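Heads up: the structure comes next, in structure tokens.
The values are calculated or read from the model by the stated rules, or taken from the named source; none is laboratory data. Here the structure is a predicted model, which is why all the values come from computation and not from measurement. Note that we place each Cβ from the backbone using ideal geometry, even for glycine, and neighbour counts take in every protein chain shown. SASA here: full protein model, heavy atoms, side chains in, ligands and nucleic acids out. Shrake-Rupley method; radii C 1.70, N 1.55, O 1.52, S 1.80 Å.
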Amino acid sequence: MERQESARIFPGSEVAPLRFRRRTLHETKIRTHSTLTENMLSHKVQFDGRIISRNGRDACRELVGFFFAHDQSLTIYEYRQFGKNRTNVLPFIQKNIYSHQCGRRKGKQYQLGDFYIGANLTFLSSDHPRLPESIKENTLLILRITNIDQIALDSLKTDSVEHEDDITSQEANDRLVLKAIQDALKEQLHKRGVRILTGLGRYLQQLDREGTGLLNKADFKQTLQVFHLEVSENDFESAWQILNGNGSGKVDYGEFKRAIIGEMNEYRKSFVRKAFMKLDFNKTGYVPIIDIRKCYCAKKHPQVISGHSTEEEIKLSFLETLKDACSKSEEVSYGEFEDYYEGLSIEMVNDEDFVTIVRTPWGI
């Protein structure tokens, strides 16, 4: 994800969504038993985050974090709904000093330059025993920064003396390699992105017979061939070297798909998550097809307005394509729902056009 995206502020948002801004978390004094002063603790940057997961319950958790400049520590909280009108803020990642757990920076402590929209924060699940069981099933917990207090970040950067290192240039080169592959595949995916992405997600899941989320090099080569996605041998090897940095011989297939094909930006993804959360009011991570059929409204679809299609025809076309992504015929998981819109996103250049297509049928 390009760092340039860090400049985006979501519509109707100063730092975070309205429902977050009205809360007073860390607004007032922070109690401390150490010699730290309130002034030192005030030098922090606030960010919103999400868990990178195909598990709907985890992917839709609402997280807010703080990075403290004085000791380069961080802490993350989760907003939890209790009943209809009560929301609590619960500790998710305890305040401490943490390090990258994968990639070029594995073992290096987090610092200010690691915080921008689209950045990933990685943690060992075993270090956080209070995490939900569904998260502890995976060795790594990966959090994506979705929004950030840009004013505070810029202010802290002004006072920071961080210097670029060799790893920074290596990471920049990695991004160029992967972007070149993504650009080449974007041409191949044009006008068939939805069908490819929905089928690809299901196929990779079927290959993962052990349920670990990890596949080997041969599995990925096979997948590209099955879906007629042409990647040169040199490009494939370069991508594999980047992704298999730990030399284990296996890579998370979600990570592989994001690296090779790319993914929609956090602005677009926020609306996809919002649509799914509206449908999944019980927070199970799955939505019955019958509920999707009831909620999907095609009245304002361009083809319906122009008279080329009826509402029922558009609805049936949408459901048919969505069902192609589903491992179970009667329900849609968050990951499958996201795959549909990932494919649609590839075909659309303008953010606002994409957002309109997501918002209109679901009334969000």
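Values for this structure:
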| read-out | value |
| --- | --- |
| Most fluctuating residue given options 337, 66, 227, as computed from a GNM of the chain linking Cα atoms under 10 Å | 227 |
| Accessible area in the full protein assembly, largest first, 1.4 Å probe, for 297, 60 | 297, 60 |
| For residue 92, residues with placed amide H under 5 Å, excluding near neighbours | 76, 77, 78 |
| Prolate/oblate/rounded label for the chain (Cα gyration tensor, a/c 1.5) | oblate |
| Share of carbon and sulfur in the accessible heavy-atom surface of region 51-99 [1.4 Å probe, %] | 42 |
| Dipole of region 253-364, positive end: most advanced residue of 341, 322, 361 [Cβ charges, Cα centre] | 361 |
| Potential extension, residue 226-residue 319 segment - 0.36 nm per residue separation minus Cα distance | 31.1 nm |
| Tensor-based shape of region 141-203 (alpha-carbon gyration tensor, a/c under 1.5 rounded, otherwise prolate or oblate) | prolate |
| Pairwise FRET efficiency - residue 237 versus residue 70, Cβ, R0 = 51 Å, nearest 0.05 | 0.70 |
| Segment residue 177-residue 157, length gained on full extension (0.36 nm per residue, minus Cα span) | 4.4 nm |
| Accessible area per residue, Å², the chain with all protein chains present, probe 1.4 Å | 54 |
| Separation in nanometres of the label points that stand 7 Å from Cα toward Cβ, at residue 290 and residue 206 | 2.7 |
| Exposure ranking of 277, 348 by accessible area [1.4 Å probe, largest first] | 277, 348 |
| Computed over region 235-350: relative contact order in percent, which uses C-alpha pairs under 8 Å that are six or more apart | 23 |
| Euclidean distance of C-alpha centroids, region 83-127 and region 265-319, integer Å | 32 |
| DSSP-assigned coil residues among trypsin sites (Lys or Arg not before Pro) in region 236-342, each with at most 14 further Cβ atoms within 10 Å | 283, 299, 300, 328 |
| Overall form of region 262-309 per C-alpha gyration tensor (a/c, 1.5; a/b vs b/c) | oblate |
| Apportionment of accessible area to carbon and sulfur, region 104-221, percent (1.4 Å) | 48 |
| Which listed pairs, of 186/221; 221/323; 217/283; 299/323; 136/157; 278/315, have C-alpha distances above 28 Å, in listed order | 217/283; 136/157 |
| Accessible-area composition of region 298-363, carbon plus sulfur, in percent [1.4 Å probe] | 49 |
| Using a Förster distance of 45 Å, the FRET efficiency for residue 167-residue 312 (Cβ separation, nearest 0.05) | 0.25 |
